[in-house]
Amino acid sequence: MNRSSILVTGGAGYIGSHVVLKLRERGEQVVVLDDLTRGFRRAVLDAPLVIGRVGDRDTVREVLAAHRVDTVMHFAAYTIVPESVREPLKYYGNNTCSTRSLLECCLEAGVRHVVFSSTAAVYGIPPSGLAAEDSPTAPINPYGTSKLMSEWMLRDVSAASPLRHVALRYFNVAGSDSACRVGQATAQATLLVKVACEHAIGKRPHVAIFGTDYPTADGTGVRDYLHVEDLAAAHLDALAYLRAGGDSTVLNVGYGHGYSVREVLQSVERVSRRRLTVREEPRRAGDPPALVARAERIRSLLGWTPRLDDLDTIVRHSLAWEERLQREPWD
Ligand code: UD1
């Protein structure tokens, strides 16, 4: 093997698998590291897969050397907010401590670039509902804190070594591959668009609205829903930026406008042509009223150009994926 490769940790998960697809379509050499506790072997299609943990130094050292890894895209993490509140050390262990161990291996192996999956959860509850990269970070759950601590480690490692990185703070990722090859297959999903689409195809008896008394236009929570293919494209843009010598940076990935829970449910009704059974329930603990990206920076710095910024398109692709999953379950 004489070309350098990109190591994608968590490449068998929801977002990582979409990025692996795009990288391979571009002709990049990729190796996936995933322990398959939350990811799916099928999600990597025929990409090389090493089954192992990011926190296992021996495995990581071996992969970095054997595949001449030059760039790491680090997706592997636990991402369920309520679980992080119940089991914080699980999140600090798997997200923060594993990232520290991975970075140590990267430095030893001379890895030059890291693209890191961060989250809008680092902002906590921004007073205006809008968050820019220089807005204060004040996570309100261990999931957000575990990611913010990883960002800080990356910042400090980049300052002290030749390694450069881009940390991408994702807003609300939804949708799936438009060709329906991969998608989110997690059992017991909690994300709104997936839950609503599962209900639309009859997999759940109803969909709940968590909170109808927020200080928003219709009283329900507002989020910046982002198509996973546009998010995947942002990773390729970040890679091109780093290869061109770009400085380490942190960037929001969102469209810069939000939709309420009710608007999302209306979109699901429109696209599926079904009436949903909606239950109004109390607010879910730890949910900010509104969280929308200030997203100018990624466009100007990386030239990122979203192509699927349309709620009905996001829902259409989510629905198509749920229908496929119902016909051919992944688990
Ligand atoms: C959160 C995290 C995000 C993380 C994601 C996955 C924050 C600010 N964001 O997103 O980083 O990647 O969880 O765990 O912590 N809702 C309903 N009914 C439902 C489900 C959700 O009304 O059945 C509402 C929520 O109250 C919220 C919106 O829909 O207003 C979106 O919720 P969800 O899809 O779960 O994502 P977040 O909690 O925003």
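The values are calculated or read from the model by the stated rules, or taken from the named source; none is laboratory data. Being a predicted model, the structure only gives us computed values, none of them experimental. Glycine also receives a Cβ, built like all others from the backbone with ideal geometry; neighbour counts cover every protein chain displayed. In case anyone asks, the SASA skips ligands and DNA or RNA and just uses the protein heavy atoms, side chains included. Shrake-Rupley method; radii C 1.70, N 1.55, O 1.52, S 1.80 Å.
Of note:
- Subset of the stretch 234-274 that is without any contact (Cβ under 8 Å) to a residue 40 or more places away in the chain and away from the ligand (no atom under 16 Å from the Cβ) - its residue that is least open to solvent (accessible area, probe 1.4 Å): G245
- Residue count for the stretch 181-196, restricted to those that are within 11 Å of the ligand (Cβ to nearest atom) and open to solvent by less than 60 Å² (accessible area, probe 1.4 Å): 8
- Checklist (1) closer than 27 Å to G144 by Cβ; (2) modelled with pLDDT under 95; (3) open to solvent by 30 Å² or more (accessible area, probe 1.4 Å) applied to D331, failing item: (1)
- Pairs, first not assigned by TED's automatic domain parsing to the domain that holds L239 in the stretch 155-166, second surrounded by 15 or more Cβ atoms within 10 Å (Cβ to Cβ) and modelled with pLDDT of 95 or more, C-beta under 7 Å, six or more apart: none
- Between V253, V268, V315, the distinction of being more than 16 Å from L191 (Cα to Cα) and touching a helix residue (DSSP H, G or I) at 6+ places or on another chain (Cβ under 6 Å) belongs to V253 only.
- Within the stretch 133-180, the set of residues being among the charged types (D, E, K, R), open to solvent by 40 Å² or more (accessible area, probe 1.4 Å) and part of a helix (DSSP H, G or I) comprises R155, D156.
- Test result for T277, more than 29 Å from A138 (Cα to Cα) and either in contact (Cβ under 8 Å) with a residue 60 or more places away in the chain or more than 19 Å from the chain's Cα centre (by Cα) (or both): yes
- Test: residue in the stretch 60-77 that is open to solvent by less than 70 Å² (accessible area, probe 1.4 Å) and over 23 Å from R24 (Cα atoms): no
- Filter result for T119 (within 12 Å of the ligand (Cβ to nearest atom), open to solvent by 30 Å² or more (accessible area, probe 1.4 Å), within 17 Å of the chain's Cα centre (by Cα) and not assigned by TED's automatic domain parsing to the domain that holds G286): no
- In the set (1) in contact (Cβ under 8 Å) with a residue 40 or more places away in the chain; (2) open to solvent by 50 Å² or more (accessible area, probe 1.4 Å); (3) away from the ligand (no atom under 11 Å from the Cβ), I201 fails one condition alone, (2).
- Some residue of the stretch 50-58 being open to solvent by less than 10 Å² (accessible area, probe 1.4 Å), closer than 21 Å to T99 by Cβ and either out of contact with any Phe, Trp or Tyr (no Cβ under 9 Å at 6 or more places or on another chain) or modelled with pLDDT under 95 (or both): no
- The stretch 283-312 - residue that is assigned to a helix (DSSP H, G or I) and open to solvent by 20 Å² or more (accessible area, probe 1.4 Å) and, of those, farthest from the ligand (Cβ to nearest atom): S300
- One residue from T216, T277, T212, T220 being open to solvent by 70 Å² or more (accessible area, probe 1.4 Å), of a type in the set (V, I, T) and within 15 Å of the ligand (Cβ to nearest atom): T277
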